[in-house]
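Contents: one structure, followed by commentary.
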Amino acid sequence: MKKLKAILSSVLIGVASLTLNAQSSTLKTDTIPLKYGAHRTGNRTDAEMERWRSYGLGQFIHWGVYAIPGGQWAGKTYGGAAEWIRSWSKATAPENWTNTYDNFYKQFNPTSFDAKAWAKQAKQMGAKYVIFTTKHHDGFCLWPSKYTDYTIKNSPYKKDIVKEVVDAYNAEGIDVYLYFSIIDWNHKGYRSAAPKTAEEIASYETFKKFTRNQLLELLKNYPTVKGLWFDGSWDQAWIKEAAYTDELEKELRKVHPGLIIGSRFRADENGKRHFDSNGKMMGDYEQGWERKLPASIEVLKGRDWDCVMTIPPNQWGYNADWKSSYIKTDDDLIQMLLHSVSLNGNLVINFGPDGKGAIRPEEGAIAAGIGEWMQQNAEAIYGAKYAGLPKPEYGYYTLKGNQLYLTVFNRPVNNQLRLAIPQSYGKGIQKAYFLVGGQALKIKKTNIGIDRDSNTYFDVTLPADFKTEKPFVVVLDLGESNGNNKNYGDAKT
Ligand code: FHN
């Protein structure tokens with residue numbers, strides 16, 4: 001009998017190990033061997049990345065010669081995003097349009113530009129980082145690049161705008177990230193389709209060299225920058241350059257330790273962007289959240305991310321016409337900010353200064369509105385994270401240490417914030433008070449009598465005489481959960 005048992009158990013062990021081997025070999029064959037996949041990035045734990053995670057709010061600035069036409073020219077209106085106006089189709093554009101556009105730099109003289117005033121306004125808004133367009137798809141460089149004549153140096157303004165911006169923002173304690181478009185409509189070697197003939201390949205090589213030179217130049221000229229924000233990296237020509245872009249990324253990181261690069265820079269050898277062929281993120285954070293927000297924490301799978309957001313529906317550069325579309329309010333943007341931070345992301349709000357360098361009054365008012373709110377409530381934003389709780393119907397939770405912040409956008413008519421904390425959370429609410437002013441709020445643990453309910457309910461009472469027209473923050477001090485919400489007895493059914 002003993003012998004039989006031993007034989008049986010060895011057979012079982014054999015079957016188990018066969019299954020395991022089969023599983024691991026499946027795993028093995030499922031993982032695609034990659035030379036240029038996501039081998040360097042994702043989930044960084046260094047100080048630079050921790051800092052990036054704590055920003056909460058950022059500013060994006062799209063500025064270039066496209067701000068001169070501002071979405072219209074010669075009595076005609078361009079239908080697309082104002083910073084794309086150079087690509088106005090021949091059929092609808094003013095006569096000789098491309099040539100007109102390519103000569104705008106000769107009149108680019110932004111006499112109202114004041115980098116210090118921009119930086120002060122951004123600081124007042126509460127931005128912790130700025131992403132600034134060094135060159136957009138048109139190829140016009142706002143720094144005096146040695147590698148092309150199409151730069152600010154050859155405009156009437158002459159001075160290095162990137163330097164002015166970097167210095168002014170750094171002086172306000174704001175980190176700077178440089179936006180850089182891979183698409184460059186001005187460079188002769190640039191192309192969108194992958195090169196095929198020897199001539200095309202040679203020409204594209206000049207573009208690759210140029211791009212590398214410019215990137216190294218930017219990092220050398222502005223050593224305080226924290227990261228590069230790549231765009232226009234979707235062309236087949238660029239996608240097919242996995243070996244080159246992988247090497248270049250390595251080089252950029254080497255010359256600038258701590259550099260932060262999002263998932264838009266390069267593709268793997270199978271042409272996969274953002275995520276490699278094995279689904280791993282190819283960058284320090286997910287850079288695909290443009291004018292959209294994730295619906296839940298699950299879709300993010302633990303990845304870092306930020307969302308870049310326009311104020312009108314889809315205009316990044318200056319568009320003179322803000323009348324024909326919905327313009328987000330400061331409350332809209334504060335809500336998006338809370339949405340982002342509550343899911344571990346940063347929100348970056350875009351500004352498009354005009355051709356003279358002035359930030360339009362509407363954007364100024366929005367920045368001031370957000371700033372006013374941030375000055376009182378930023379504690380719920382900077383360094384705050386996903387709270388590990390389901391989203392409450394009143395607004396958004398953010399968490400820092402043992403403090404849970406509830407930013408209320410939807411105030412209940414009965415003034416009772418009923419907060420359902422799952423018992424599995426392991427913590428309960430001990431104290432509640434307004435972030436602004438610190439007034440203590442009445443709090444009561446409530447058994448609302450739902451059978452087999454896995455939540456503990458806390459009713460926080462808002463004073464009836466409390467009036468506000470803005471979202472407000474209630475701080476909830478967490479402590480050890482003092483016992484589950486005892487049911488009165490589950491019914492037998
Ligand atoms: O084409 C650009 C657009 O003009 C703008 O710069 C945005 C900003 O994220 N990026 C591109 C579209 O993804």
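The values are calculated or read from the model by the stated rules, or taken from the named source; none is laboratory data. Please read all numbers here as calculations on a predicted model, not as lab measurements. With ideal geometry, Cβ positions are generated from the backbone for all residues, glycine too; neighbour counts draw on all protein chains shown. Just the protein is used for accessible areas: all its heavy atoms, side chains included, with ligands, DNA and RNA removed. Shrake-Rupley method; radii C 1.70, N 1.55, O 1.52, S 1.80 Å.
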Within segment 85-136, residues part of a loop (DSSP other than H, G, I, E, B), of a type in the set (Asp, Glu) and either over 21 Å from Pro361 (Cβ atoms) or within 16 Å of the ligand (Cβ to nearest atom) (or both) come out as Glu95
Long-range neighbours under 8 Å by Cβ, at least six apart or interchain, first residue over 20 Å from Lys208 (Cβ atoms) and open to solvent by 10 Å² or more (accessible area, probe 1.4 Å) within segment 126-154, second part of a loop (DSSP other than H, G, I, E, B) and not basic (Lys, Arg): Lys128/Tyr55; Lys128/Gly56; Lys128/Ile174; Lys128/Tyr382; Pro144/Asp160; Lys153/Pro144; Lys153/Asp160
I'd like to check something: does segment 325-334 contain any residue that is open to solvent by 10 Å² or more (accessible area, probe 1.4 Å), touching a residue at least 40 places away in the same chain (Cβ under 8 Å) and closer than 25 Å to Trp84 by Cβ? no
Looking at (1) open to solvent by 30 Å² or more (accessible area, probe 1.4 Å); (2) away from the ligand (no atom under 16 Å from the Cβ); (3) of a type in the set (Asp, Glu), which is the only condition Glu290 fails? (2)
Sort through Lys128, Lys159, Lys120 and tell me the only one that's within 21 Å of the chain's Cα centre (by Cα) and charged (D, E, K, R). Lys128
Quickly run through segment 65-84 and pick out the residues that are away from the ligand (no atom under 16 Å from the Cβ) and open to solvent by less than 30 Å² (accessible area, probe 1.4 Å). none
Please pick out the residue among Gly357, Gly371, Gly345, Gly395 that is in the same structural domain as Asp477 (by TED's automatic domain parsing) and surrounded by 17 or more Cβ atoms within 10 Å (Cβ to Cβ). Gly395
From the set of residues in segment 197-256 that are farther than 18 Å from Asp276 by Cβ and within 16 Å of the ligand (Cβ to nearest atom), which is nearest to the chain's Cα centre (by Cα)? Trp229
Looking at Lys153, Lys163, Lys146 in this structure, which one is assigned by TED's automatic domain parsing to the domain that holds Gly64 and either part of a loop (DSSP other than H, G, I, E, B) or among the aromatic types (Phe, Trp, Tyr) (or both)? Lys146
Please go through segment 430-468 and give me each residue that is modelled with pLDDT of 95 or more, touching an Asp or Glu at 6+ places or on another chain (Cβ under 7 Å) and either part of a loop (DSSP other than H, G, I, E, B) or open to solvent by less than 20 Å² (accessible area, probe 1.4 Å) (or both), ordered by number. Leu435
Report whether or not Tyr190 is within 16 Å of the ligand (Cβ to nearest atom), open to solvent by 30 Å² or more (accessible area, probe 1.4 Å) and over 19 Å from Trp316 (Cβ atoms). yes
Go through (1) open to solvent by 50 Å² or more (accessible area, probe 1.4 Å); (2) closer than 23 Å to Ala384 by Cα; (3) among the polar types (S, T, N, Q) one by one and return the number of the condition Ser340 breaks. (1)
Considering only residues that are open to solvent by 10 Å² or more (accessible area, probe 1.4 Å) and either within 13 Å of the ligand (Cβ to nearest atom) or among the basic types (Lys, Arg) (or both), which ones fall in segment 297-308? Lys301, Arg303
